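Below is one structure, written out as structure tokens; comments come after it.
Read-outs: derived from the displayed coordinates by stated rules, not from any lab. Values in this document were obtained by computation on a predicted structure and should not be read as measured data. Please note: Cβ atoms are built from the backbone with ideal geometry, for glycine as well, and neighbour counts cover all protein chains shown.
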Amino acid sequence: MRNLVKRMLQIGMIVVLVASFGFAYGQNGSYTTVYGIVKDANTRNAVAFANISIPNGNIGTVTNSEGEFLIKVPKSLNASELEISHVGYKNSTLKIEESNGKPGVYFIEPHVLSLQEIIVRPESPDMLVRMAISDISKNYAIAPAMMEGFYRETIKQRRDYLSVSEAVVDIYKTSYTSYDNDRVRVEKGRKGTNIKKADTLLVKLQGGPSVALLLDVVKNPDYLFSVESLRDYKYEMSGVVNINNKLNYIISFSPAYEQPYPLFFGKFYINQETLALTMAEFSMDISDKAKAESFFIKKKPIGLKMVPTATSYLVSYKTGPDGKYYVNYVRNEMKFKADWKKRWFNSYYTVMSEMAITNISKANVAKIPFDETFKTNMVLNDRIQDLQDQNFWGESNIIEPEQSIENAIRKIAKYMQKNNN
């Protein structure tokens with residue numbers, strides 16, 4: 001029980017409370033930069049969190065919440081096309097062409113299901129989940145791999161960004177069947193902090209990319225995707241959807257009964273053929289505010305109430321160069337209400353983190369030394385510098401910043417430059 005609660009504390013992404021960049025990309029002869037926006041072919045609406053990758057390759061990224069993406073493809077790969085995939089859509093390909101600074105628009109078609117496609121199974125929803133758990137060793141990588149990822153975290157007070165932190169990270173991804181922990185090393189990062197806006201409370205996020213990896217529920221199954229957790233939840237078949245040109249069962253879950261720790265509501269997406277979990281989206285039951293606050297808040301001033309009002313988590317998986325599934329993208333968003341009656345202060349905060357895996361390699365696999373590992377008790381914002389170099393990321397693939405984040409970085413950079421002069 002203690003290990004489970006500890007793991008859930010970390011997955012909740014503990015917030016530390018203490019009283020108290022425009023984006024551009026550079027061209028390079030060694031890679032081709034593709035910049036675009038993905039839209040629904042019928043509605044013309046932007047498609048958020050779509051996967052962008054090289055077919056049968058190991059390089060990729062995801063679109064941001066506004067459907068935009070930027071990917072740098074090494075010319076040494078001689079790749080001619082990129083592939084776009086998203087839940088409920090047909091996979092689409094686009095020709096790799098160097099961007100001229102303006103985003104190209106790429107439309108993807110919704111996938112309409114036919115009855116002939118649906119595989120009818122006699123098993124109950126909870127039995128399908130049990131079968132998916134038992135097939136982890138068959139569907140997911142059982143040997144370590146090296147990954148490169150891009151991590152971003154933002155903290156907002158109402159609509160104003162207090163901080164934006166970003167980093168390219170190296171990941172030693174352990175076997176999905178081992179008890180060894182994944183290890184993360186920050187390769188390089190940058191941040192911007194709006195000190196003027198944060199002169200009452202400075203909200204920090206603990207754990208950064210190391211905690212983000214705990215959302216890999218297949219690797220870290222204790223609280224959600226284990227045989228033991230099956231008794232905590234009730235399951236319901238909610239439909240079928242296309243993911244990466246494969247049909248997936250949608251299985252909804254909710255707490256079966258009250259526990260001394262918060263449980264989750266959400267959906268599992270399970271491949272009909274392989275029974276692999278390809279995506280999970282869920283939120284924590286925070287109806288007991290006092291209990292939820294004790295789980296999320298690591299440190300705070302005396303008299304301050306920091307009550308969580310909403311949480312949302314997303315993790316998706318994709319097959320790697322060896323045909324096995326690996327974690328592909330994770331996202332975590334939490335909303336809080338701060339009430340500090342002693343200082344006549346109240347406000348709302350939104351804490352978001354996301355990480356996309358941009359490269360997977362089975363070559364030169366080596367465990368990251370412990371002294372280089374980013375620990376779950378570290379704060380990323382305290383360990384990276386303020387950098388204004390617009391070409392800072394070089395050849396690294398990142399998640400294209402949303403317009404609001406781009407504007408926030410620009411404002412923060414302007415404020416910092418003014419105060420440094």
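What the table below lists for this structure:
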{"item": "Greater than 18 Å apart at Cα, pairs in Lys267/Lys324; Lys305/Lys337; Lys188/Lys219; Lys335/Lys375", "result": "Lys267/Lys324; Lys188/Lys219; Lys335/Lys375"}
{"item": "Stokes-Einstein D for region 31-108, Kirkwood Rh over Cα pairs, 4 °C, 1.567 mPa s (µm²/s)", "result": "105"}
{"item": "Under 5 Å, built H, 5+ apart or other chain: amide partners of Tyr31", "result": "Lys75"}
{"item": "Proximal charge balance of Val227 [Cβ under 14 Å; K/R count +1, D/E count -1]", "result": "-3"}
{"item": "Amide proton proximity set for Ile368, modelled H, under 5 Å, gap of 5+", "result": "Tyr172"}
{"item": "Environment charge at Ser92 (Cβ cut-off 13 Å; Lys +1, Arg +1, Asp -1, Glu -1)", "result": "-1"}
{"item": "5 angstrom amide H check on Met378, placed H, neighbours 5+ away", "result": "Gly207"}
{"item": "Per-residue HN-Hα couplings for region 61-78 [Karplus 6.51, -1.76, 1.60; θ = phi - 60°; Hz; x = Gly/Pro]", "result": "7, 10, 6, 7, 5, 9, x, 8, 8, 9, 9, 10, 10, x, 5, 5, 7, 6"}
{"item": "Qualifying trypsin sites (Lys or Arg not before Pro) for region 30-96 [loop in DSSP, other Cβ within 10 Å: at most 13]", "result": "Arg44"}
{"item": "Considering only region 31-108, percent of DSSP beta bridges that pair antiparallel, nearest 5", "result": "80"}
{"item": "Relative packing of peptides 141-149, 214-222 - highest average C-beta neighbours within 10 Å first", "result": "214-222, 141-149"}
{"item": "Environment charge at Asn45 (Cβ cut-off 14 Å; Lys +1, Arg +1, Asp -1, Glu -1)", "result": "-2"}
{"item": "Highest-first arrangement of 55-65, 363-373, where packing means the average Cβ count within 10 Å", "result": "55-65, 363-373"}
